[in-house]
Amino acid sequence: MAIAADSTVGFVAVKLDSESRMGEIYMVAVDPDFQGNGIGTAQKWWRLNGLTDKSNSRYRRFT
């Protein structure tokens, strides 16, 4: 979740499958007033790092 001025301005949704060890990023959302500032990209990389920290060997991202 991305916060600016005490408001949520973005979030990223992930799904973790412990059986297949697959992590899936299926939604990255940023408030239109804050788009174009790198928030979505930062959220994506933050979650990708989190997925690898959970010992998932693979991940999938839909756009």
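Worth pointing out:
- So ALA2, is it open to solvent by less than 70 Å² (accessible area, probe 1.4 Å), modelled with pLDDT of 85 or more and within 15 Å of the chain's Cα centre (by Cα): no
- THR8 meets the conditions (1) at pLDDT 75 or above; (2) open to solvent by 100 Å² or more (accessible area, probe 1.4 Å); (3) hydroxyl-bearing (Ser, Thr, Tyr) in every case but one. The failed one is (2).
- Within the range 2-26, residues that are more than 16 Å from GLY40 (Cα to Cα) and part of a loop (DSSP other than H, G, I, E, B) sit with their Cβ atoms under 7 Å from residues that are basic (Lys, Arg) and open to solvent by 40 Å² or more (accessible area, probe 1.4 Å), at 6+ positions apart or across chains, in these pairs: ARG21/ARG58.
- Residues satisfying the stated conditions in the range 11-63, i.e. modelled with pLDDT of 80 or more, of a type in the set (S, T, N, Q) and open to solvent by less than 100 Å² (accessible area, probe 1.4 Å): THR41, GLN43
The values are calculated or read from the model by the stated rules, or taken from the named source; none is laboratory data. No experiment lies behind these values; they were computed from the predicted model shown. Don't worry about glycine lacking a Cβ; one is built from the backbone with ideal geometry, like all the others, and counts go over all protein chains shown. Quick note on the areas: whole protein, heavy atoms, side chains included, nothing else; ligands and nucleic acids left out. Shrake-Rupley method; radii C 1.70, N 1.55, O 1.52, S 1.80 Å.
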